[in-house]
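Chemist: Submitted below is the structure of interest, expressed as C-alpha cells.
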Amino acid sequence: MAQDLESICWVRGGEKFVCTYADGSYIIWTLEDGVKSLQTATTPYGPFPCKPITKVDYKTAPGDAFLIFAGGMPRASYGDRHTVTVMRGDKHVAFEFTSKFVDCLVLSSGDADAEHDDPHTLVVLADEEVVLIDLETDGWPTFKLPYLQSPHASAIMCTTHCSNVPEALWNNIAAAGEKQGSIHSPRDWPITGGKSLNEEVTKRELLLTGHEDGVVRFWDVSGIAMKLLYKLNTAPFFLSEHENQQDHDEEWPPFRKVGTFDPYSDDPRLGIQKISLCLANAILAVGGTAGQVVLLEMSMEEKEKELHEIYVQIIDRDNFVWKGHEPLTPKDGPLKLAAGCQPLTVMQMTPPAACTALALSSEYGLVAAGTAHGLTLFDYVQKKEVLSRCTLEAGAGEAGTPKRKNFRKSLRESFRRLRKVRLRKAPAAEDAAAGEEKRAKKEKKEKEKKEEKVSEVKEKKEETKEETKPEEKKEEEKKDEDKKEETKEAEPASVEPAEETETQASTETAEVTAEEAPATTTADEKKGEEVEEAKQKDEEKKEEEGEKKEEATEEATKPEEPKPESSKVEEEARPKSPEKTEAREDEGMPSVVRCLCITRTFLVNGTTNTPTLWAGTGSGAIYIYTVTIPNAEQRKEEAVSAQLGKEIQLKHKAAVMAIQVIDSANYPLPDTAAASKNIAKEPNMDGNHKVIICSMEQFKVFHLPSLKPYCKYKLVSHHSSLVRRIGFVKYTSSKNEEYSEWCLTCMSQLGELSIYSIPQLRKQILKPCTSKDDIHGIGSTVFTQDGEGMYLSSASEFVRFSLCPHMVTDATCVLELAEGMRPPPPQPKPEVTVETEEAAKVKGKVEAAEAPAAEEKKEEAKEEEGKAEPEKEGEAEEKTEEGEKPVDESTPGEMTGDITQDSITDHIADEEKATEDKAKEIESTAVEVKKIEDGGANEAPPVTAGGDQ
C-alpha cells in the first residue's frame with residue numbers, strides 16, 4: 001500500500017485483522033497462508049478523495065459483523081464533519097457529532113469462550129460530550145444519559161436556583177421529562193460499577209439554566225450529581241429567521257445527528273436572559289433577548305392552543321429611533337403543546353431590548369420586567385399592561401459623567417467645596433465693611449458738592465435762576481439712587497445670598513462706582529474687581545464640570561434635613577478608594593433596570609400593608625410603586641392600578657443590584673404565594689419592616705415606611721471591591737438545627753465571598769472563592785437558601801461550594817473490584833532504621849558539643865601536674881639542708897597530705913566523670929527536644945557518650 005496506515009484492529013479468533021489508511025480506505029487481512037488480503041482496498045465514501053479513517057473496530061455477531069470506524073468522509077463535500085460510521089450488512093448510518101471525535105469503545109456481551117463478540121453498545125467520546133448508541137435495538141437509538149450531561153449544550157446565559165420544591169411539582173417535572181425521553185433507547189443504562197454511600201436526599205432542589213437557543217433546562221441538584229429532568233424549548237412558539245429552511249436528509253452519506261451539544265443558534269433573539277419560577281402555583285416567567293416575556297404554566301395534559309402576544313410600549317417619545325433587532329413574531333394558529341410547561345401569553349416590550357430584570361407574583365397575577373430603557377408591570381390574568389415607565393430621563397446627563405474617580409480627584413473636589421463655602425461667606429463680610437466705607441465717603445462728597453453748589457448758587461442766583469432748578473432736580477435724583485444702592489449693598493451683610501446674587505450685586509456696585517469717579521481708582525474698587533474676577537473663574541470651572549455635577553455638588557454642601565414622609569430620599573456621597581481600578585458594569589447605561597421586587601409591606605403608613613413594586617436602576621435610582629389589587633371575586637373584571645409612592649436616589653449613583661424587605665424578626669419576606677401555601681415561613685406583618693438596598697458599592701438599610709436610614713456598609717471603603725452577585729442565605733447551626741440566622745452573602749469582582757449580618761450589616765467572614773480573572777465564573781454565581789453556591793468554572797462545568805458547615809454536599813462512593821485488581825498497599829518502613837539514624841544524629845551532635853570542653857579540661861590537668869612537681873622538689877631540698885634524710889618516692893605512706901601522682905590521677909578521673917554526667921544530661925535534653933519535634937511518634941534509643949578512663 002502506498003497510503004499511510006492510520007488504524008488497525010484484530011478480528012475475534014486472532015486470524016484476521018483490519019487496517020485503515022489515510023485515503024479513507026480499509027483492507028481485511030488474513031494470516032492463514034501468510035499475510036494476505038481477503039479483498040482489495042475498499043473506500044466506503046469514494047470514489048472521490050476522502051479523509052483518513054482514524055479509528056476502526058470489527059465485531060462479530062450472529063449473521064453479519066459490525067464494522068465501526070471514525071472519519072473517512074469525502075474531503076471536498078463533508079470534510080468538516082465529525083462522524084462515526086456503523087455498517088452491518090445493508091444497514092449503514094453515519095452518526096454526526098457537533099464536536100471533534102476523540103475516541104470510541106464497543107461494549108460486548110460475549111466472553112472469552114463465546115463464538116461471537118455480540119456488541120450491544122457503542123460509546124463515543126467527543127470533545128464536548130459522551131454519547132452511547134444502542135446496537136441491539138432497531139434503528140440504533142441513543143441512550144438517555146443519567147449523568148455526564150453537557151450543561152453547555154447551548155451557551156448558558158442565566159441561572160436560577162429553587163429550594164424546597166414541592167413534591168407534586170417535582171413529580172410533574174420529572175414525568176414530563178420522561179415523556180421527552182421516548183425517542184431514546186428503552187434499555188437500561190449499560191454501564192454499572194460505582195456505589196454511592198451518600199444518604200438518600202429528602203430535600204428537592206432545582207437549578208434552571210437559560211440558554212442561547214431559547215431552551216430552559218431543569219436540573220436536579222439535590223445530590224452530588226447534576227441530572228437533567230426536563231427541557232423546555234421556547235423556539236417553537238415563534239417564527240424564526242430560518243423557519244423556512246428545512247434540512248433535507250441526504251441520500252448519501254446517510255447522516256444522523258446525535259448528541260445534545262449544539263453551539264450554534266439559529267436566531268440570537270431567542271436567548272434566555274432571565275428566569276423566575278413560582279413554586280406554589282407552578283408558574284414560570286422567561287425573559288428573552290428580544291424583549292419577549294413568556295408566561296407558562298405546568299400542565300400534564302396535551303393541548304392545542306393559540307398563542308396571544310401583547311405589546312407594551314416603554315418609550316413614549318416620538319423622536320426615539322430603535323436601531324436594533326426586530327421583535328419575535330409568534331406563530332399563527334393553534335399550537336400542539338406537549339405535557340409540561342405550556343404558554344399562557346407573551347408580553348413583547350417595545351423597543352425590543354434584552355430583558356435585564358424579572359419579578360413574578362402569581363398570588364397577584366402580575367409580572368414585572370425591565371430593560372435598558374425602562375420597566376413595565378403586566379397583568380397576565382387580564383392580559384393587559386398596568387404601568388410602564390421610561391428611565392432614560394433619569395439617566396440623562398449621567399452617561400457622560402465619569403463614575404470612576406481616584407483619591408486625588410476626590411480630595412480636589414473636597415477642597416473645592418470648602419473653598420466655595422468660604423467664598424460665599426467672605427464676600428458678604430467684605431461687602432458689609434466696604435458698604436460702610438462707601439457710605440462715609442459718599443456723605444463727605446455730598447457735603448462738599450452741596451457747599452460748592454450753595455456758593456455757586458449765591459453768586460449766580462440772579463443770573464442763572466432758570467439753570468439752577470434743573471441741576472437741583474438732578475442732584476435729588478442722584479441722592480435717591482445712592483440711597484437705593486446703599487440698601488442693596490447692606491442686604492448681603494445680614495443674609496447669605498446665592499452665587500448669582502453676589503455676582504450681580506458686585507457688578508452693579510462696580511458700575512455705580514465707575515459712573516461716580518471715572519478718573520480715579522480706590523482700594524475698595526480694586527478689592528471689588530478681585531472678588532469679581534475670582535467669582536468669574538469659579539463660574540468658568542463650573543461650566544467645564546457640567547451642569548449635572550454642579551447640582552450634585554450643591555446638594556452635597558447643603559445640610560441634610562430629615563424628611564420622613566417625603567417622596568424622595570437623598571443619600572450622602574460615598575468616599576472614593578485609591579485602590580479601585582475596575583470600571584463599573586453598564587457604565588454607559590445608567591437607565592438600565594437592574595433589579596425588580598414585588599412584595600407586600602408598609603409603604604403608606606405603619607398600620608396598613610399593601611402590595612408594592614420596587615425597581616432599581618443602573619444610576620442608583622429606586623422607584624417604589626403601590627399596587628392596588630381587586631378582590632378575588634372581581635379580579636378578572638376590575639383593573640389593577642399602580643401609583644408611584646416614593647423614590648430614592650443614591651448619591652454615589654452606583655447600580656442597584658438587589659432589594660429585599662425584612663420583617664421585625666429580620667426574616668426576608670418570601671413570595672406571598674409560597675407563604676400562603678406553607679412552602680415558606682409566614683413573615684411577621686405587624687409592622688417595623690426594613691428594606692435592604694444593595695448597590696455595587698455599598699449596602700444600606702432603611703426603616704419602613706419612613707425610609708429613614710438605619711445603617712450602612714461601604715464596600716469600597718473597606719475592601720476596595722464591587723459587588724457582582726448577592727443572595728440572602730439562611731445559615732443553620734451545625735450543633736443545633738433549630739437555630740438559624742439569615743445573612744446577606746455577596747460575591748465581589750475580586751472573586752471573594754463575604755457574609756454580613758442582618759440588619760446590622762456586620763461583616764462575619766471574608767474568604768477567597770475564585771480568581772479575580774475568572775470574570776465568567778464570578779458573573780454566573782448563584783446562591784442557595786441553605787448556605788451553598790454554584791458558579792461556572794468553565795463553559796461546561798459547575799463548581800459547588802459551601803458556606804455553612806451544616807450544609808455540605810460531598811461525594812462519598814466506592815468502586816467494588818474483584819480481589820487482586822487493586823495494587824497492594826505500601827508497606828511501612830521499619831522503625832528501627834529510623835531510630836538508629838536519629839540516635840546517630842543526636843550522638844554526633846553531643847560529641848561535637850563536648851569536644852572543646854574535654855580538650856580544655858585535659859590541658860588544665862596537665863598544667864596542674866606540671867606545677868606540682870617543682871613544689872615537691874623544693875620541699876625535699878629544704879629538708880636536706882636541715883639534716884634530714886631524703887624521702888623515698890616509692891613509699892607513699894610517708895607522704896600523707898602531699899600531692900602525689902595517684903592523687904592527680906584520681907582528680908582527673910573525677911573531672912572526667914563529671915564531664916560524662918554532663919554529656920548524659922545534654923543527651924537526654926536533645927532526645928526530649930527531638931520527641932517534641934516529632935510529636936512523640938519516634939523515640940530515640942538511649943545514647944552513651946563520654947571519655948575513656
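Chemist: Report in % the part of the accessible area of the range 740-792 that belongs to carbon and sulfur, leaving out ligands and nucleic acids; probe 1.4 Å.
Modeler: Of the solvent-accessible surface of the range 740-792, carbon and sulfur hold 47 percent.
Chemist: Also, quick follow-up: Based on the alpha carbon coordinates of the range 65-157, what radius of gyration and maximum Cα-Cα distance (Dmax) apply, in Å?
Modeler: For the range 65-157, the Cα radius of gyration and maximum Cα-Cα distance read 14.8, 53 Å.
Chemist: Next question. How much net charge surrounds Thr672 when only the other residues with a Cβ under 14 Å from the Cβ of Thr672 are counted, with Lys and Arg +1 and Asp and Glu -1?
Modeler: -1
Chemist: Moving on to the next point. How large, in percent, is the carbon and sulfur part of the accessible surface of the range 211-322 at a probe radius of 1.4 Å? Intermediate results must be reported in sequence, preceding the final value.
Modeler: Working: 2500 of 5830 Å².
Exposed carbon and sulfur together represent 43 percent of the surface.
Chemist: With no solvent and one equal point scatterer per Cα, compute the Debye intensity ratio I(q)/I(0) for the range 274-322 at 0.16 Å⁻¹ and report its log10, rounded to two decimals.
Modeler: For the requested q values the scattering log ratios are -0.66.
Chemist: If amide hydrogens are placed 1.01 Å from N in the peptide plane, which non-local residues have theirs closer than 5 Å to the one on Met657?
Modeler: Cys694, Ser695, Met696
Chemist: A follow-up question, please. What is the spread of the Cα atoms of the range 138-217 along each of their three principal axes, largest first, in whole Å?
Modeler: Over the range 138-217, Cα extents along the principal axes are 39, 36, 24 Å.
Chemist: Grab the other residues whose beta carbon is less than 11 angstrom from that of Ser361, score K and R as +1, D and E as -1, and report the net.
Modeler: Here the charged neighbours net out to -2.
Chemist: For the range 332-396 and the range 177-230, write down the distance between their C-alpha centroids in whole Å.
Modeler: If we compute the Cα centre of each part, the gap is 30 Å.
Chemist: Ranked highest first by the average count of other Cβ atoms within 10 Å around their residues, in what order do 323-334, 349-360, 628-639, 648-659 fall?
Modeler: Going from most to least packed, we get 349-360, 648-659, 323-334, 628-639.
Chemist: While we're looking at this one, here's another question. Which order, highest average first, do 202-213, 362-373 follow once you tally other Cβ atoms within 10 Å for each residue and take the mean per peptide?
Modeler: 362-373, 202-213
Chemist: Mind giving me the FRET efficiency for Thr607 and Glu393? R0 is 56 Å, r the Cβ-Cβ distance, nearest 0.05 is fine.
Modeler: Working: r = 34 Å, r/R0 = 0.61.
After rounding, the FRET efficiency stands at 0.95.
Chemist: Separate question: Which percent of Cα-Cα pairs in the range 715-768 sits in each 5 Å bin, short to long?
Modeler: 5, 19, 28, 24, 13, 6, 4, 1
Chemist: Between Cys711 and Glu647, with labels modelled 7 Å along Cα→Cβ, what's the label distance in nm to one decimal, could you check?
Modeler: It is 3.1 nm.
Chemist: Moving on. At 1.306 mPa s and 10 °C, plugging the Kirkwood radius over alpha-carbon pairs of the range 748-791 into Stokes-Einstein gives what diffusion coefficient in µm²/s?
Modeler: Answer, rounded: 141 µm²/s.
Chemist: Could you order the peptides 78-87, 594-603 from most to least packed, using the average number of other C-beta atoms within 10 Å per residue? Numbers along the way, then the final one.
Modeler: Values: 78-87: 17.7, 594-603: 22.3.
The densest-packed peptide leads the list: 594-603, 78-87.
Chemist: Could you tell me how many cubic angstrom of Cα convex hull volume the range 662-766 has per residue?
Modeler: Cα-based convex hull of the range 662-766, divided per residue, equals 115 Å³.
Chemist: Moving to a separate point now. Convex hull over the Cα atoms of the range 587-648, averaged projected area in nm²?
Modeler: Reported value for the Cα convex hull: 5.1 nm².
Chemist: Follow-up. Mind checking the full-extension length gain between Glu413 and Lys227? Use 0.36 nm per residue of separation minus the Cα-Cα distance, one decimal, nm.
Modeler: Working it through step by step, the gained length comes to 61.4 nm.
Chemist: Further, regarding this structure: Given R₀ = 30 Å, FRET efficiency for Ser796-Glu301 by Cβ-Cβ distance, to 0.05?
Modeler: So the FRET efficiency works out to roughly 0.25.
Chemist: So if we plug the beta-carbon distance of Glu200 and Asp332 into 1/(1 + (r/R0)^6) with R0 = 51 Å, what FRET efficiency do we get, rounded to 0.05? Walk me through the numbers before you get to the answer.
Modeler: Details: r = 49 Å, r/R0 = 0.95.
After rounding, the FRET efficiency stands at 0.55.
Chemist: In whole Hz, what ³J(HN,Hα) sequence does the range 762-776 give by Karplus (6.51, -1.76, 1.60; θ = phi - 60°), x for Gly and Pro?
Modeler: Couplings: 8, 6, 9, 7, 9, 9, x, 10, 8, 6, 5, 7, 7, 5, 5 Hz.
Chemist: Then there's this: Rounded if a/c is under 1.5, else prolate if a/b is larger than b/c, else oblate: which is the range 1-99, with a ≥ b ≥ c the root eigenvalues of its Cα gyration tensor?
Modeler: Oblate, because a/c is 1.5 or more while a/b does not exceed b/c.
Chemist: Regarding the range 200-330, what's the average projected area of the Cα-atom convex hull, expressed in nm²?
Modeler: One quarter of the hull surface, i.e. the mean projection, equals 12.7 nm².
Chemist: Quick query: amide H of Gly787 versus all other amide H atoms, modeled in the peptide plane; which residues come in under 5 Å with a sequence gap of 5 or more or a different chain?
Modeler: For Gly787, whose amide H was placed from the backbone, the distant partners under 5 Å are Lys730.
Chemist: So, one more: Separation between the Arg635 and Trp252 pseudo-spin-labels, each 7 Å from Cα along Cα→Cβ, expressed in nm?
Modeler: Here the answer is 6.4 nm between the modelled labels.
Chemist: Identify the residues of the range 174-212 with backbone N under 16 Å of a label point that sits 7 angstrom from the Cα of Leu815 along the Cα-to-Cβ direction, or state none.
Modeler: 191-197
Chemist: Any chance you could get the radius of gyration and Dmax over the Cα atoms of the range 342-395, in Å?
Modeler: In Å, with Rg to one decimal and Dmax whole: 11.4, 38.
The values are calculated or read from the model by the stated rules, or taken from the named source; none is laboratory data. Just so we're clear, the structure is a prediction, and the values are computed from it rather than from any experiment. Here the Cβ is made from the backbone with ideal geometry for all residues, glycine too, and neighbour counts use every protein chain on show. In case anyone asks, the SASA skips ligands and DNA or RNA and just uses the protein heavy atoms, side chains included. Shrake-Rupley method; radii C 1.70, N 1.55, O 1.52, S 1.80 Å.
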